[in-house]
1. So what's the projected area for segment 2-290, the Cα convex hull averaged over all directions, in nm²?
2. Between residue 215 and residue 110, with labels modelled 7 Å along Cα→Cβ, what's the label distance in nm to one decimal, could you check?
3. If the label point is 7 Å along Cα→Cβ of residue 193, which residues in segment 23-49 have backbone nitrogen under 17 Å from it?
4. Before anything else, pin down the relative contact order of segment 2-290: Cα pairs under 8 Å, at least 6 apart, normalised by residue count, whole percent.
5. Most mobile of 169, 261, 205 per a Gaussian network model of the chain (Cα springs, under 10 Å)?
6. Could you work out which residue, out of 108, 82, 52, moves most in a Gaussian network model of the chain, that is, has the largest mean-square fluctuation with Cα springs under 10 Å?
């Protein structure tokens, strides 16, 4: 059920983010989303008897939340004002590649196999095809700045995921999730204030579509999806947890095309096939190592 939530629900959040940022500034939107979700999870788990977190657990949860939610998810929200939601999901699909490299580079890290390294190289090649040659079709150039921000955000997400697996955390996955959301959401709000998002913003001008997208992100994207992901980071290896990258881009591209009429061109299809093939190589390699 946790894998199903991460696979399907998270694939749909890219479209929800697109509608949410139409009339809500991206950092304030994400920060409010995670603060509300985090407060609900924290209060619920503490009411059910979860032990009060230690100072080092708050520290590590905040670091993971800042990397994954502020830098990672904040990058997606910012970029989706400039690129289609399906394309954003395809670029973020390289998260497993960064996870492999970071899990190797950490102290006493796991050295990847030859097949895994081939998968990393192929995935990077797919990323270049996805955001590079415009002569593959007649579509407009991909926004390079937004693409670079998405790549940096996916790297930050991978770093936070690896850090979360090996850091100090409470026994309750839900409590750990709430703490990460409070830490990352708080910093996202500060980023919104620092970048001037409050200037000219009015709650009265938020559209119904943006409200619906934001509420979907709070409930399904955060309370359901992210809680399931944090649970998986403890229950399985980072590489297995990151296999959501197989399904998320497909769901996001289909929904973006079907509902928001986003374009799907040859570069996206070719880049997606290469990237998902690379993720498959990495997953197969880790499955063989586990046998």
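Bear in mind that the values in this text are calculations on the coordinates, not laboratory data. Everything numeric here is computed off the predicted structure, so don't read it as measured data. Positions of Cβ are backbone-derived with ideal geometry, glycine not excepted, and every protein chain shown enters the neighbour counts.
1. Values: hull surface 59.9 nm².
Quarter of the Cα hull surface area: 15.0 nm².
2. Computed distance between label sites residue 215 and residue 110 equals 4.1 nm.
3. Those under the cut-off are 25-36.
4. Details: 479 pairs, mean separation 124.8, N = 289.
Answer for segment 2-290 is 43 percent.
5. In the Gaussian network model the winner is 205.
6. Per the Cα network of the chain with a 10 Å cutoff, 108 tops the list.
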